[in-house]
Amino acid sequence: MERGMISVDRWAQGSQAYFLTHLHADHTVGLTPTWKWGPLFCSQVTAKLFLTKFDQFNKLSLLRILDLGRWYSLPLFSPSSGQPVTIQVMAIDAHHCPGAVMYLFRGEFGCMLYTGDFRWETVDPRAEIARGMLLEALKGVKLDILYLDNTYCDPSYCFPSREDASRQVVDIISSHPNHDIVISIDSLGKEDLLFYISKKLKTKDIFTTNTSLTRIRAIPRYSFSMETLQALNLMRPTVGIMPSGLPWMKKIFSGPGNVVGPSPSHGVTCSKTRKQNGVLAITEICNEYIYTVPYSDHSCFSEIKKFVELLQPTDIRGTVSSSPSNVEPRNFFGNQKPFGEVRAGKHEGPQVRSPIETVESILARRERIIKRCGRLISRHFISRLDRVRLLRRLRRGIKITDSEFSP
DNA sequence: GCGATCAGGT
DNA sequence: CACACCTGATCGC
């Protein structure tokens, strides 16, 4: 395809149509509320999340929602000849985080698939549907280029399905019936895990910000540390679960689908790096509070391999340049012509909203808070740094109280 | 004064 | 050693 036609997860001026695979921050660099370079296509779920994230998005008319599994025709033009060109696109569930999709394009240039970030588990019924859509759409068609999420495209990356990992998390929680549990999460991507936990443990309130109702809490990953766990343990016996410890998993799990034993980090010495005089030194710190579980929203190597073998693309291009091994996918597949923060003495609940809360009510509430915030900001004459800090927190949906404005 | 972006951290 | 996302500083309109 010519340059100047479409962009996927890239937000520079110069394309005629822009595609967003999912809402993680590293895929939206350059995308701002003042977006104006062209129509922005995404899934229904991403569109909803998008509007809560970019609440001042002023070009609603540029947002285009794509249903999954349907072909859409885009009338574009060739930048070189000026002639009209039609491109067809289909969005397919990528099983990465809520709303994440892959995009399948076809046109005069041939056929290409951009996976975005994706996980290709075969056991999940949702994955079955995506698989069906993909195969149906590609029936009798040669896939010319596969733009592939090659994050873990190295045979040494071998970890279990998210359901297995979720089971491990539940086992850890069950084996600590009298402990508080804190689970480190990012703002988007561990919802299924939290839902699984609440379902298996029959937690009464599925999601709540009232921390007195539950011993299991989700906290932001950036506030999850050894120090945090030690501080929490001064108050109540608490274990922390990190559903993401993948780099440490390299070569630990010997095969796909293996039953995974107790978390390897528990009771095992963890290492921490510290900078001394500009030189990296390793400080060994033993911790007894933290479990890591290999819960990944990216495909492991065997899943990537299966995916590539299924699609038989003519060419493959990795989309993650800083992939661990920094390995081009084709090396492996031949040239295939083929919430809250924890503070001293106090913590707020998970930053997970009730599923019944609508986008409209979130936006309306946010609007009210921002208005009130504006009044308080001018009344208290706070510094720019404090203001930036407050606005960032507002954007994340964290509750702001009057005391935050105290001089 | 403000949003956007970078560097450096977890 | 990944990923996603935080903070504070700086840039540029």
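List of remarks:
- Residue in the stretch A:152-168 that is over 23 Å from the mean Cα position of the chain (by Cα) and of a type in the set (Asp, Glu) present: no
- For the criterion of being among the β-branched types (Val, Ile, Thr), within 23 Å of A:Val141 (Cβ to Cβ) and touching a Cys at 6+ places or on another chain (Cβ under 9 Å), A:Thr122 fails.
- Residue in the stretch A:252-260 that is within 15 Å of DNA strand C (Cβ to nearest atom), out of contact with any Asp or Glu (no Cβ under 7 Å at 6 or more places or on another chain), at pLDDT 55 or above and within 23 Å of A:Phe159 (Cα to Cα) present: no
- For first residues located in the stretch A:176-192 and on the phi > 0 side of the Ramachandran plot, partners that are not basic (Lys, Arg) and lie 6+ apart or on another chain with Cβ distances below 8 Å form the pairs A:Gly189/A:His24; A:Gly189/A:His96; A:Gly189/A:Cys97; A:Gly189/A:Pro98; A:Gly189/A:Asp297.
- Qualifying residues in the stretch A:30-51 (those that are of a type in the set (Phe, Trp, Tyr) and assigned to a loop (DSSP other than H, G, I, E, B)) - the one farthest from DNA strand B (Cβ to nearest atom): A:Trp37
- Residue tally, condition crowded, with 17+ Cβ neighbours inside 10 Å, more than 13 Å from DNA strand C (Cβ to nearest atom) and closer than 14 Å to A:Ala94 by Cα, over the stretch A:21-45: 3
- Some residue of the stretch A:88-108 being over 27 Å from A:Glu191 (Cβ atoms) and in contact with a Cys (Cβ under 9 Å, 6 or more places away or on another chain): yes
- Qualifying residues in the stretch A:64-96 (those that are assigned to a loop (DSSP other than H, G, I, E, B) and touching a helix residue (DSSP H, G or I) at 6+ places or on another chain (Cβ under 8 Å)) - the one surrounded by the fewest Cβ atoms within 10 Å (Cβ to Cβ): A:Asp67
- Picking from residues in the stretch A:1-20 that are part of a loop (DSSP other than H, G, I, E, B) and in contact with a strand residue (DSSP E or B) (Cβ under 6 Å, 6 or more places away or on another chain), the one that is surrounded by the most Cβ atoms within 10 Å (Cβ to Cβ) is A:Leu20.
- Residue count for the stretch A:178-233 satisfying the condition of being assigned to a helix (DSSP H, G or I) and within 15 Å of DNA strand B (Cβ to nearest atom): 10.
- Of all residues in the stretch A:154-177, those that are touching a strand residue (DSSP E or B) at 6+ places or on another chain (Cβ under 9 Å) and part of a helix (DSSP H, G or I) total 4.
- Across the stretch A:52-67, not a single residue is classified as under 23 Å from A:Asp144 (Cβ atoms) and either more than 20 Å from the chain's Cα centre (by Cα) or within 16 Å of DNA strand C (Cβ to nearest atom) (or both).
- Hey, A:Ile145 surrounded by fewer than 20 Cβ atoms within 10 Å (Cβ to Cβ) and under 15 Å from A:Val308 (Cβ atoms) or not: yes
Conditions (1) aliphatic (A, V, I, L, M); (2) within 28 Å of A:Leu23 (Cα to Cα), marked per residue:
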| residue | (1), (2) |
| --- | --- |
| A:Glu163 | no, yes |
| A:Pro177 | no, no |
| A:Val182 | yes, yes |
| A:Leu193 | yes, yes |
| A:Ile219 | yes, yes |
| A:Asn233 | no, no |
| A:Arg236 | no, no |
| A:Met242 | yes, yes |
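The values are calculated or read from the model by the stated rules, or taken from the named source; none is laboratory data. None of these values were measured; they are calculated from a predicted model. No Cβ is skipped: glycine too gets one built from the backbone with ideal geometry, and neighbour counts run over all protein chains shown.
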